[in-house]
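Down below is the structure, laid out as structure tokens.
The values are calculated or read from the model by the stated rules, or taken from the named source; none is laboratory data. Note that the structure is predicted; figures quoted are calculated from it, not measured. In this analysis, Cβ positions are derived from the backbone assuming ideal geometry, glycine residues included, and neighbour counts consider all displayed protein chains. For accessibility, only protein heavy atoms count, side chains too; no ligands or nucleic acids. Shrake-Rupley method; radii C 1.70, N 1.55, O 1.52, S 1.80 Å.
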Amino acid sequence: MSRPELLMPGRMQKNVNDALDAKFTVHRLYDAKDPAALLAEVAPRIQAVAVGGAVDAALIDKLPALEVIASFGVGYDLVDAKYAGTKGIIVTNTPDVLTEEVADTALGLLLMTVRELSASERYLRAGKWPSGNYPLSSSLRDRTVGIVGLGRIGKAIARRLEAFDVKVVYHNRRPADDVSYKYYADLTEMAKEVDTLLSVLPGGASTEKAINRAVLDALGPNGVLINIGRGTVVDEPELIKALQEKRILAAGLDVFEKEPQVPAELIALENVVLLPHVGSASVYTRNAMGQRVIDNLTAWLDGKPPLSPVVETPFTGWKKK
Ligand code: NDP
């Protein structure tokens, strides 16, 4: 029996490649001399897509036999899941397996930013210590952290902050289950009452530029913004102005509006900590995420329910199986 055919638009990591090569005929667009010609040839036979980046409606329309898109990562804002849903195609993502890692990174970024740990290390490496101690920094001790997006990762961050004895409040569209932290229905209202915002919001239209000038001004001159969710959530030019004009104190960013491009104005600032989207980027966690991609695709092969379909494509059975 011939193997089902799978499209891989971009490079994926070794455990995913090895497992999928054993189960599917994999067509790698990124490796093709002429990707458009390869796509035109294989498109009618493609039943599955494995992807770490974008799958738009135009690509979905080219794949009439498509049943499943297995996306690597919990955020799938680059996959048009809503459109896939209208075609009976299931989109899966990789939640849970990265939650604790991203929460660890968020705490690291928060500490680096508030306590100026990377700036003080730069000071030491520049040989400045013998001429005087590094200036005193801000502190977590007197801060209240407003978590923007208290979902799986947000709750894991909140648990860590509780252990650090830091007060937590949060904003979501709806109050979260099983938490006693104060809830704010309005983000600007929350920003007025806290001095630290930590965003773990997903990308997409509903969150675009949610952290805008009004929110930053409500946060105020002692304010710290940490963003570990998606870059599109923050109005980046307004953030840069707020930092330059010291209308907020500092920012720690793992994600950017047009990553991997990071604005030169941000790089020039001392009161920011900038990470290259490393929230989940450990060998341990990336392997677990890869395994989740494999398990979702294996479920499709076996005619079983996927482990983690996204909300836009609830599983009610595979298209043709
Ligand atoms: P969840 O879906 O569990 O949590 C998302 C939270 O955001 C929910 O509490 C939801 O609550 C809230 N939310 C969603 N939309 C809005 C909105 N428009 N306004 C206000 N609140 C909103 O996801 P995870 O915690 O697992 O992941 C969150 C995001 O973190 C991912 O989507 C991804 O973008 C990002 N991420 C970044 C990583 C990195 O490397 N930096 C790694 C992994 C994830 P409600 O529905 O009630 O509004």
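Numerical summary
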read-out	value
Spin-label pair K192/D21, simplified geometry with 7 Å Cα→Cβ offset, distance in nm	5.9 nm
Cα-based equivalent ellipsoid of the chain: semi-axis lengths in Å, sorted from largest, via gyration tensor	40, 21, 18
Largest to smallest principal axis extent of the C-alpha atoms in the stretch 93-180, angstrom	53, 31, 21
Selection from P305, L274, N212 lying farthest towards where the dipole of the chain points positive, charges on Cβ	P305
Relative contact order of the chain, pairs being alpha-carbon contacts under 8 Å that are 6 or more residues apart, as %	18 percent
Karplus (6.51, -1.76, 1.60) ³J(HN,Hα), θ = phi - 60°, over the stretch 16-29, in Hz, Gly and Pro reported as x	5, 4, 4, 5, 6, 4, 6, 10, 10, 8, 9, 9, 9, 4
Fraction of the pair-distance distribution of the stretch 1-91 above 21 Å, Cα-Cα pairs, percent	25 percent
I69 accessible area, 1.4 Å probe, all protein chains in place, Å² to nearest 10	0 Å²
Amide N of the stretch 215-246 lying under 16 Å from the label point, which is placed 7 angstrom from the Cα of Q261 along Cα→Cβ	231-232, 236-238
Electrostatic dipole magnitude of the stretch 99-274 [Cβ: Lys, Arg +1; Asp, Glu -1; Cα centre; debye, to 20]	220 debye
Signed unit charges on C-beta, dipole axis of the chain, positive-most listed residue S137, V97, S2	S2
Cβ-Cβ FRET estimate between R141 and K87, R0 fixed at 45 Å, reported to 0.05	0.30
Accessible area in square angstrom per residue, the stretch 99-274, 1.4 angstrom probe	49 Å²
Accessible surface of the stretch 270-311, 1.4 Å probe, proportion on carbon and sulfur as whole %	59 percent
Coordinate range along principal axes, alpha carbons of the stretch 207-269, Å, largest first	28, 27, 16
Reachable aspartates and glutamates from K319, criterion Cα separation under 14 angstrom, eight or more residues apart if same chain	E67, D302
Pairs of Lys in the stretch 99-274 closer than 21 Å at Cα, counting only those 8 or more apart or on different chains	12
Kirkwood hydrodynamic radius over Cα pairs of the stretch 140-244, then Stokes diffusion coefficient at 20 °C and 1.002 mPa s, in µm²/s	158 µm²/s
Relative intensity, log₁₀ I(q)/I(0), of the stretch 99-274 from a Debye sum that treats every alpha carbon as a point, q = 0.10 Å⁻¹	-0.36
